[in-house]
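What follows is a single structure, written as structure tokens, with notes after it.
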Amino acid sequence: MGSISAVIGGIAFLGFLLFLLGIGLVVLATSQGRSPRGGVLLAIVGLVGGILFSIVSQGILVIEPTQVGVVVNVLSGDLEDPPRGPGTSIIIPGLQEVFVYPTEQQEYTMSGIPTEGRVQGNDAVEALTNDGQVVFVDVTVLYRIEPENANIVHVNWRNRYEDDFIRPTVRAIVRDIVSQFRAEDIYGVSREMMGGQIEERLRERMDAQGLTLTAFLVRRIQFSEEFAASIEQKQIADQEAQRAQILVEQQRQEAERVRVQAQGERDAAIARAEGEAQAIILRAQAQAEALRLVSQQIAANPNLIQYLYVQNLADNINIALVPSNSPFLFNLDSFVDLGEDFIPPEVPEADLPTLTDNTAPVEEDGN
């Protein structure tokens, strides 16, 4: 698009060159006594063409994709609304004047590092906290001019909006917001809150002037060396206290775990003891019931004990050891009276009398 205006301007330049060439031919023809008509014609054509194409080139307005054009009427001072957007358009030379503004994102940095920022040297914002500590804040403002607001920017600031508005406004707002915080809070968790408050207030001020705030960045906050050292010592002390608290909590949890484990073991021991007691009671009841049945059988058949005792002897035994204090008298003939049809009752082996060492030998006839 810009090449069109350049081409037309080049044609205008050629026209003026022809005008000068025609003037030279007129002078040369006159000095030689010839007719200067050809030179005069060439000079007139070149002058008219140069002026015409010069006016045309000045009347062609080319706006780049990242620009917006504010068109001002030179006679009345009125601004064309809306501003001219990207592309090629026509203006009236001498009657309309164009001011071009960028619409791409711009940045303005104020930093304490000499190689950064718009102003060379230490350009950080110096502020005072509400507890009297001096801090230096490095900030960056990202902003842009919306095409529809270009006329507002032009009326209010022209091309002075960075130096005359953004810079002093940011410094004033930063100092005001910082004065509401303690230095220790800014050093810690309140830094993000402080930055958010600055951004909110700055956005309101810039919107009123036709500028759009994209982002506000708190890049660095520098404290005095003495204050920074005291904060670090306090943080170390806080960390030690937190570690001690964590250790105490771990010990408490371990003690609770041991207590719970001991309680569980005690409950398990009680449960085992209760189970064993219940088992003893059940075994005693079973033995009592077995003794009751045996007693019934003995009452019905007094020779039952002798019979069971002999039955438990081996088939080929000739000698048996009988306890010397046994209250029973073994009458071998009485076993015959039981008869071959006698079926002894089933008695648990655990309830049968057992042999002991306190026995006396008794001889029997194997026949």
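Here are 31, 35, 89, 54: which of them is over 30 Å from residue 183 (Cα atoms), modelled with pLDDT under 90 and under 55 Å from the mean Cα position of the chain (by Cα)?
Testing whether each residue is over 30 Å from residue 183 (Cα atoms), modelled with pLDDT under 90 and under 55 Å from the mean Cα position of the chain (by Cα) leaves just 89.
Criterion first (closer than 25 Å to residue 179 by Cα, in the same structural domain as residue 202 (by TED's automatic domain parsing) and either in contact with a strand residue (DSSP E or B) (Cβ under 6 Å, 6 or more places away or on another chain) or in contact (Cβ under 8 Å) with a residue 40 or more places away in the chain (or both)) does residue 137 satisfy it?
yes
Any residue at all in region 74-83 that's crowded, with 18+ Cβ neighbours inside 10 Å and under 18 Å from residue 59 (Cα atoms)?
For region 74-83, residues crowded, with 18+ Cβ neighbours inside 10 Å and under 18 Å from residue 59 (Cα atoms): present.
Restricting to region 167-185, give me the number of residues that are surrounded by fewer than 15 Cβ atoms within 10 Å (Cβ to Cβ), assigned to a helix (DSSP H, G or I) and hydroxyl-bearing (Ser, Thr, Tyr).
Residues in region 167-185 being surrounded by fewer than 15 Cβ atoms within 10 Å (Cβ to Cβ), assigned to a helix (DSSP H, G or I) and hydroxyl-bearing (Ser, Thr, Tyr): 0 in total.
Please find, among 212, 169, 115, the residue that is under 22 Å from residue 66 (Cβ atoms) and either in the same structural domain as residue 234 (by TED's automatic domain parsing) or of a type in the set (S, T, N, Q) (or both).
The match here is 212.
Name the single residue, out of those in region 57-72 being of a type in the set (S, T, N, Q) and over 55 Å from the mean Cα position of the chain (by Cα), that is surrounded by the most Cβ atoms within 10 Å (Cβ to Cβ). First the steps, then the outcome.
First pass over region 57-72, keeping only residues of a type in the set (S, T, N, Q): 57-58, 66-67.
Remaining after also requiring over 55 Å from the mean Cα position of the chain (by Cα): 57-58.
Values: 57: 19, 58: 16.
By that ranking, first place goes to 57.
Determine if region 146-166 includes at least one residue that is of a type in the set (Gly, Ala, Ser), part of a helix (DSSP H, G or I) and closer than 23 Å to residue 221 by Cβ.
no
Can you find a residue that is touching a Leu at 6+ places or on another chain (Cβ under 8 Å) and among the hydrophobic types (A, V, I, L, M, F, W, C) anywhere in region 111-129?
Looking through region 111-129, none of the residues is touching a Leu at 6+ places or on another chain (Cβ under 8 Å) and among the hydrophobic types (A, V, I, L, M, F, W, C).
Restricting to region 236-278, count the residues that are of a type in the set (D, E, K, R) and either in contact with a Cys (Cβ under 6 Å, 6 or more places away or on another chain) or within 30 Å of residue 188 (Cβ to Cβ) (or both).
Going through region 236-278 one residue at a time, the tally reaches 5.
The values are calculated or read from the model by the stated rules, or taken from the named source; none is laboratory data. This is a predicted model, so every value here is computed, not measured. Reconstructed Cβ throughout: ideal geometry from the backbone, glycine too, with neighbour counts over all protein chains shown.
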